[in-house]
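Structure first, commentary second.
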Amino acid sequence: MTLRALLVTLRNVFRRPVTWEFPRSVRPRPERYRTGFALLRDEHGEELCIGCLACEKICPSAILHVKAAPKRESAVTGKKRGWAEDLTIDTVACLGCELCVQVCPTDALVMTRAPERPADHREELFLTMAKLYENGLAREHGWATGTKLMGMQEDEDKKKKRKDKEVAA
Amino acid sequence: MMALLMGGLVGVVALTSILTATALGIWFERKLSARMQTRLGPTIVGPFGLLQPIADFLKLLQKETLIPDGADRLLFVVAGPFCIFLALATAAFVPISPDTGLGLDSGLIFVVAFGAITVIPIWMAGWASRNKWALLGGMRAVAQAVSYAVPLVLAALVPVLLAGTLSLDGIVAAQQGFHWFALWPTFPGLPAFVLYLGCLLAEANRIPFDIPEAESELVAGITTEYTGMRFGFFYLAEYVHTLVGSAVAATLFLGGWDGPIAPGLHWLVAKTLVLYTVIYWIRWSFLRLRADQLMSLCWRYLVPAGLGLVFAAAALAQVMP
């Protein structure tokens with residue numbers, strides 16, 4: 001047993017190191033990797049967020065804050081709809097749980113593929129509404145949107161119900 | 001006057017070369033340990049990360065050196081330099097080539113004595129820190145060093161008996177022409193060599209005998225309260241101790257500077273490096289022994305084994321002059 005420990009370390013010496021020297025070589029990110037946030041506009045440039053507060057209510061860390069504006073007509077459709085006056089995310093305490101994206105009924109809030117850079121000041125980790133819209137234009141979006149995630153959830157629910165029925169039968 | 005100046009100059013050169021060797025030794029150990037864990041180790045500072053120990057040294061110099069409230073200030077400050085002084089002083093007695101060396105007829109006694117008093121600065125640090133972890137670490141270090149000094153000396157007595165002299169030059173001279181004590185006579189030479197190497201690990205507080213440090217139990221043992229360069233002294237002393245200890249082991253059992261073709265110093269350095277590598281190979285492969293296992297291993301197995309080897313060597317020395 002004693003000799004085996006020595007053999008293991010000796011064998012390792014001749015194996016290829018597994019280290020990625022981070023800034024010089026970057027490990028390829030998984031296909032579904034996502035972090036960081038962005039707000040989106042529709043094809044006419046109108047804000048998608050309707051200020052429904054669903055994201056603010058579900059955020060486990062309570063770091064997402066929305067200020068809803070009164071309803072008014074949309075310039076595109078002419079129908080009355082909600083608006084968000086302000087939406088901020090303090091990513092200092094963000095868990096990355098993506099629940100805010102999952103509940104978004106209009107797919108306005110998404111996560112981005114590029115990570116937030118390490119910051120020198122706490123304020124830089126605070127994502128303002130302007131910054132979120134800027135991210136939406138500048139960064140690649142993650143695959144997940146509210147409707148996609150909710151659709152998957154529904155499928156799961158349906159499957160489970162069918163299974164339950166089969167078991168009952 | 002000239003002699004004094006020359007002595008000082010030689011001293012400076014010797015110290016610089018030992019400390020440089022130690023810095024390279026630290027780099028080598030970090031690279032080796034990294035490869036043993038399929039990592040890369042230092043790569044950024046200098047070619048292959050060779051300047052990493054210098055970067056570490058500069059970092060330690062910049063750090064604030066704290067002295068805890070209620071610490072014994074004088075002992076606390078003096079312990080580190082004292083520790084490294086003793087580790088370096090041992091190097092003075094190692095014969096590096098046929099015509100250098102102090103020519104003492106009892107060099108081995110000095111080597112063993114300097115190795116043994118290393119517990120004093122360690123205990124100074126443990127006591128002066130006024131910290132329970134440091135105190136426990138210091139107590140463990142003393143218990144360990146005092147116990148393991150016995151089999152260490154017994155193992156070192158084997159080459160003394162075989163060579164018939166306490167002088168390190170004499171011991172090397174007796175091993176001329178591949179007559180190394182670790183190889184011939186195989187008994188008691190080889191077991192004594194293994195015993196010596198094991199006790200050397202304990203003397204230098206290296207795994208599997210590193211309970212004085214025992215990160216998982218004692219934070220950092222005696223160095224818990226030390227910061228900056230004051231910590232650096234202990235860190236450096238440990239590596240110097242291992243390096244010089246390897247050189248002494250190479251002198252006693254592997255024929256020191258003896259070897260064909262290349263000059264003596266090359267052979268000594270090569271042998272030292274091999275032993276140094278083995279020590280760190282062991283370090284990165286094994287777990288730490290428990291304090292009671294350590295004591296029982298020493299007094300119940302190693303000391304009787306050492307005594308047996310000494311008797312065997314004495315008998316052999318009588319039979320073949």
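The values are calculated or read from the model by the stated rules, or taken from the named source; none is laboratory data. Please read all numbers here as calculations on a predicted model, not as lab measurements. Every residue, glycine as well, gets a Cβ built from its backbone with ideal geometry; the counts of neighbours run over all protein chains shown. Heads up: the accessible areas ignore ligands, DNA and RNA and are worked out on the full protein's heavy atoms, side chains in. Shrake-Rupley method; radii C 1.70, N 1.55, O 1.52, S 1.80 Å.
I'm checking my understanding of the structure. Among residues of the range B:294-321 that are open to solvent by 70 Å² or more (accessible area, probe 1.4 Å) and not charged (D, E, K, R), which one is nearest to residue A:2 (Cα to Cα)? Give the derivation first.
So the first thing to find is which residues in the range B:294-321 are open to solvent by 70 Å² or more (accessible area, probe 1.4 Å), and the list is B:299-301, B:307, B:311, B:318-321.
If we keep only those that are not charged (D, E, K, R) as well, we get B:299, B:301, B:307, B:311, B:318-321.
Details: B:299: 21, B:301: 17, B:307: 25, B:311: 29, B:318: 37, B:319: 36, B:320: 36, B:321: 38 Å.
Checking each candidate, the answer is B:301.
Kindly check whether there is at least one residue in the range A:52-74 that is among the hydroxyl-bearing types (Ser, Thr, Tyr), more than 14 Å from chain B (Cβ to nearest Cβ), open to solvent by 60 Å² or more (accessible area, probe 1.4 Å) and out of contact with any Ser or Thr (no Cβ under 9 Å at 6 or more places or on another chain).
no
Quick check on residue B:247: is it of a type in the set (A, V, I, L, M, F, W, C), in contact with a helix residue (DSSP H, G or I) (Cβ under 8 Å, 6 or more places away or on another chain), closer than 15 Å to residue B:90 by Cβ and open to solvent by 10 Å² or more (accessible area, probe 1.4 Å)?
On the way: of a type in the set (A, V, I, L, M, F, W, C): yes; in contact with a helix residue (DSSP H, G or I) (Cβ under 8 Å, 6 or more places away or on another chain): yes; closer than 15 Å to residue B:90 by Cβ: yes; open to solvent by 10 Å² or more (accessible area, probe 1.4 Å): yes.
The answer is yes for residue B:247.
Which of the residues spanning the range A:130-164 are among the basic types (Lys, Arg) and open to solvent by 60 Å² or more (accessible area, probe 1.4 Å)? Walk me through it before giving the result.
First, pick out the residues of the range A:130-164 that are among the basic types (Lys, Arg): A:131, A:139, A:148, A:158-163.
Selection gives A:131, A:148, A:158, A:159, A:160, A:161, A:162, A:163.
What residue, of B:21, B:79, is surrounded by 15 or more Cβ atoms within 10 Å (Cβ to Cβ), touching a helix residue (DSSP H, G or I) at 6+ places or on another chain (Cβ under 6 Å) and away from chain A (no Cβ under 14 Å)?
Going through B:21, B:79 in turn, just one is surrounded by 15 or more Cβ atoms within 10 Å (Cβ to Cβ), touching a helix residue (DSSP H, G or I) at 6+ places or on another chain (Cβ under 6 Å) and away from chain A (no Cβ under 14 Å): B:79.
Do any residues in the range B:115-128 that are in a helix (DSSP H, G or I) have Cβ atoms under 9 Å from those of residues that are hydroxyl-bearing (Ser, Thr, Tyr) and crowded, with 20+ Cβ neighbours inside 10 Å, where the two are at least six apart or on different chains, and which pairs are they?
Sorted first by the residue in the range B:115-128, then by its partner, the pairs are B:115/B:90; B:125/B:223; B:125/B:226.
Results for (1) of a type outside the set (D, E, K, R); (2) within 25 Å of residue A:47 (Cβ to Cβ); (3) without any contact (Cβ under 8 Å) to a residue 60 or more places away in the chain, shown as yes or no for each residue.
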position	(1), (2), (3)
A:88	yes, yes, yes
A:92	yes, no, yes
A:108	yes, yes, no
A:113	no, yes, no
A:119	yes, no, yes
A:123	no, yes, yes
A:139	no, yes, no
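Of the residues A:47, A:31, which single one is within 30 Å of residue B:39 (Cβ to Cβ) and charged (D, E, K, R)? Step through it out loud before you land on a result.
Values: A:47 fails: within 30 Å of residue B:39 (Cβ to Cβ).
Only one candidate passes the filter, namely A:31.
Select from the range A:1-11 the residues that are over 10 Å from residue B:285 (Cβ atoms) and either β-branched (Val, Ile, Thr) or at the interface with another protein chain (Cβ under 10 Å from one of its Cβ atoms) (or both) and list them in ascending order.
As a first pass, look at the range A:1-11 and keep what is over 10 Å from residue B:285 (Cβ atoms): A:1, A:11.
Across the range A:1-11, the qualifying residue is only A:11.
Looking only at the range A:12-51, filter to residues that are acidic (Asp, Glu) and in a loop (DSSP other than H, G, I, E, B); which one of those is nearest to the other protein chains (Cβ to nearest Cβ)?
In the first step, residues of the range A:12-51 are kept if they are acidic (Asp, Glu); the result is A:21, A:31, A:42-43, A:46-47.
Within this subset, residues satisfying the condition of being in a loop (DSSP other than H, G, I, E, B) are A:21, A:31, A:42-43, A:46.
Numbers: A:21: 6, A:31: 26, A:42: 47, A:43: 48, A:46: 49 Å.
Per the criteria, the residue is A:21.
Can you pull out every residue in the range B:62-76 that is open to solvent by 40 Å² or more (accessible area, probe 1.4 Å) and not hydrophobic (A, V, I, L, M, F, W, C)?
Scanning the range B:62-76 gives B:62, B:63, B:64, B:65, B:69, B:70, B:72, B:73.
Looking at B:215, B:203, which is the one that is under 30 Å from residue B:61 (Cβ atoms) and free of Cβ contacts under 8 Å to residues at least 24 places away in the same chain?
Step by step, each of B:215, B:203 is checked, and only B:215 is under 30 Å from residue B:61 (Cβ atoms) and free of Cβ contacts under 8 Å to residues at least 24 places away in the same chain.
Can you say whether residue B:274 is at pLDDT 85 or above and open to solvent by 20 Å² or more (accessible area, probe 1.4 Å), as far as the supplied structure shows? Give the derivation first.
Working: at pLDDT 85 or above: yes; open to solvent by 20 Å² or more (accessible area, probe 1.4 Å): yes.
Considered against the rule, which asks whether it is at pLDDT 85 or above and open to solvent by 20 Å² or more (accessible area, probe 1.4 Å), residue B:274 comes out as yes.
Could you figure out which of (1) closer than 21 Å to residue B:307 by Cα; (2) without any contact (Cβ under 8 Å) to a residue 40 or more places away in the chain; (3) not in a loop (DSSP other than H, G, I, E, B) isn't true of residue B:183?
(3)
Based on this model, can you work out whether residue B:58 counts as of a type in the set (A, V, I, L, M, F, W, C), within 30 Å of residue A:22 (Cα to Cα) and within 14 Å of chain A (Cβ to nearest Cβ)? Talk me through it step by step, then tell me what you get.
Numbers: of a type in the set (A, V, I, L, M, F, W, C): yes; within 30 Å of residue A:22 (Cα to Cα): yes; within 14 Å of chain A (Cβ to nearest Cβ): no.
Taking the combined requirement at face value, the residue does not satisfy it.
When the range B:24-48 is examined, which residues are found to be open to solvent by less than 30 Å² (accessible area, probe 1.4 Å), within 23 Å of residue B:234 (Cβ to Cβ), within 14 Å of chain A (Cβ to nearest Cβ) and assigned to a helix (DSSP H, G or I)?
B:29, B:32, B:33, B:34
Name the single residue that is farthest from residue B:32 (Cα to Cα) among those in the range B:51-61 being open to solvent by less than 60 Å² (accessible area, probe 1.4 Å) and among the hydrophobic types (A, V, I, L, M, F, W, C).
The extreme case among them is B:60.
Count, please, the residues in the range B:148-177 that happen to be in a helix (DSSP H, G or I) and open to solvent by less than 10 Å² (accessible area, probe 1.4 Å). Step through it out loud before you land on a result.
Narrowing the range B:148-177 to residues in a helix (DSSP H, G or I): B:148-163, B:168-174.
From what's left, open to solvent by less than 10 Å² (accessible area, probe 1.4 Å): B:148, B:151, B:155-156, B:158-159, B:168, B:171-172.
Matching residues across the range B:148-177 total 9.
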